[in-house]
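**Q** Once you've had a glance at the structure underneath, I'll fire off some questions.
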Amino acid sequence: MSYSDKDYCRVCGLLQPEPPWGEEGRLPSFNICDCCGVEFGYGDATTASSVIFREKWIAGGARWHIPSKKPAGWDWNEQLRNIPAEYR
Ligand SMILES: [Zn+2]
């Protein structure tokens, strides 16, 4: 299985169990990202809003919304590479 931009959180780059904006990128799931806590469809609706949400999240210490889901040895610098280029 290979992943594409649509499989990752636009804010933090975490791989999602289902595409946050659907296969066509137009229907947000309204799920909450386990990592940055954004609700798909709101905070990540545009590039500008994604950037703002990301900056606030980083300023707050880049803490996981669901700490128990945080993998051992998690590396933010590694994950940020998955953020779709359009939303950086
Ligand atoms: Zn996220």
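**Q** Starting from one equal scatterer on each C-alpha and no solvent at all, send me the Debye-based log10 I(q)/I(0) for the chain at q = 0.25 Å⁻¹, two decimals.
**A** Reported log10 I(q)/I(0), two decimals: -1.42.
**Q** Same structure again: Could you tell me which chymotrypsin sites (Phe, Trp or Tyr not before Pro) in the chain are loop residues by DSSP with no more than 14 other beta carbons within 10 angstrom of their beta carbon?
**A** In loop regions of the chain (DSSP not H, G, I, E or B), the sparsely surrounded chymotrypsin sites (Phe, Trp or Tyr not before Pro) are Tyr3, Phe30, Tyr42, Trp74.
**Q** Dipole size in debye (nearest 20) for the chain around its Cα centre, Lys and Arg Cβ +1, Asp and Glu Cβ -1?
**A** That gives the chain a dipole magnitude of about 300 debye.
**Q** Compute the relative contact order of the chain as a whole-number percentage, counting only Cα pairs closer than 8 Å that sit 6 or more residues apart in sequence.
**A** Numbers: 133 pairs, mean separation 30.9, N = 88.
Across the chain, relative contact order equals 35 percent.
**Q** Rounded to the nearest 500, what is the chain's calculated 222 nm mean residue ellipticity when only DSSP H runs of at least 4 contribute -39500 (n - 2.57) each, over all residues?
**A** When only DSSP H runs of four or more count, the value is -5500 deg cm²/dmol.
**Q** Oh, and also: Going toward the positive end of the dipole of the chain, with +1 on Lys and Arg Cβ and -1 on Asp and Glu Cβ, which of Ser29, Phe40, Val11 do you reach last?
**A** My answer, from the dipole projection, is Val11.
**Q** If you don't mind, another one. How about the stretch 2-48: which trypsin sites (Lys or Arg not before Pro) there lie in a loop by DSSP and see at most 13 other Cβ atoms within 10 Å?
**A** Qualifying residues, ordered by number: Arg26.
**Q** Quick one: which residues, 5 or more positions from Ile83 or on another chain, have an amide H under 5 Å from its amide H? H modelled 1.01 Å from N in the peptide plane, none for Pro or chain starts.
**A** Placed amide hydrogens put nothing under 5 Å from Ile83.
**Q** What is the distance, in nm, between label points placed 7 Å from the Cα along the Cα-to-Cβ direction at Glu18 and at Glu39?
**A** 1.7
The numbers here are math on the coordinates, done by the rules we state, and not lab data. All figures in this text were calculated on a predicted structure; none of them were measured in a lab. Positions of Cβ are backbone-derived with ideal geometry, glycine not excepted, and every protein chain shown enters the neighbour counts.
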